Amino acid sequence: MIPWYAPTDMNIWRRRLLVPRSVVLICLLAVAGITEFRFDWIEKAVGAYLTSTNAYRPRSGAIWEKGREADSARTALAQYADQRQNLQREVRQAVSLGQLVSNLGEDKGAMISSEHFIELYLKLPPVLSHEIVSPFTLLTHQSDGRWQRTFLERQGNGLLIYMLDANNQVIHRLSIDQILLAHIERGEVAIRTGLDQLADFNGRIYPAERFFKALDGLPEQERTRIVAHPEDLLRVEGRIERVGISERMIGDAVDLGFEVSGLDGPRVVLMQGARDEVRRIQRMLEENATTVWPWMRKEQP
């Protein structure tokens, strides 16, 4: 029997090493090592065990924190992507520049094609569209073939417009200030009220018959600068009874209010006219006020 104490020479070491029990143990360790390097069965067994007990272990530690941060980042990115898709869908479906701008949040932008921008530009009253950019400038960039898309971005209280080529290089940059942007966002709208309730038109309300007679006596070019889209007034349901002229000016634009009477009560259609031409017809109406206004004016409440 091999003594249990430590061997005292190499012969005793060799005899102890070559006993059947030691040989079997060495062979088992060798087989385990070889098969582990070949098949990674230890890692797989440990992984399977950890997976089976994963639900019962506390979710704490650096790995779990990293996982939670990754999940939060993926959720935020997914929400942002959905918001961008919804915004881009609304932008593509916008039928007016005011509608497009109203969908843009603070410090956010949207991309549209050059054709779509021109379509929205042409729907604006000339007094507003010319304040944004000259149509000749748009023709120049459209004709050279470089202008492919347009990026609109809110910045503070204003709006920046970038005309881009196919490589998203800026060809031309436009800037719209807060006052002009407010006009564009409002556009030509109808308000469910009468002119008397709108302070902007206080004291400058005239019978529609007299306004349109004065307008009809002006040259065509001046009439267009006062009422850019007369067809829109022909489409309104009801009769236009009075016209108000605002005292406030926004750039080269002055608000005009057309009061329409209908079965559901009065409403005011707002439009913008060029300042100089609007002031001219206003002086004409004021000069004739003493002879025409008293018997044509609508009674004030």
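Figure legend. Inter-residue proximity from the range 150-170: first residues in contact (Cβ under 8 Å) with a residue 12 or more places away in the chain, second residues small (G, A, S) and in a loop (DSSP other than H, G, I, E, B), beta-carbon distance below 9 Å, spacing 6+ or different chains. Indicated pairs: R154/G105.
Residues that are surrounded by fewer than 20 Cβ atoms within 10 Å (Cβ to Cβ) and touching a residue at least 40 places away in the same chain (Cβ under 8 Å) within the range 237-249 comprise E241, E247, R248, listed in sequence order. Scan the range 258-284 for residues that are β-branched (V, I, T) and in contact (Cβ under 8 Å) with a residue 60 or more places away in the chain and jot them down. Selection gives V260, V268, V269, I281. When we screen V243, V292, V278, V260 for residues that are over 22 Å from T193 (Cα atoms), at pLDDT 90 or above and over 30 Å from the mean Cα position of the chain (by Cα), the only hit is V278.
The values are calculated or read from the model by the stated rules, or taken from the named source; none is laboratory data. The model shown is predicted, which means the values in this text are computed figures rather than measured ones. With ideal geometry, Cβ positions are generated from the backbone for all residues, glycine too; neighbour counts draw on all protein chains shown.
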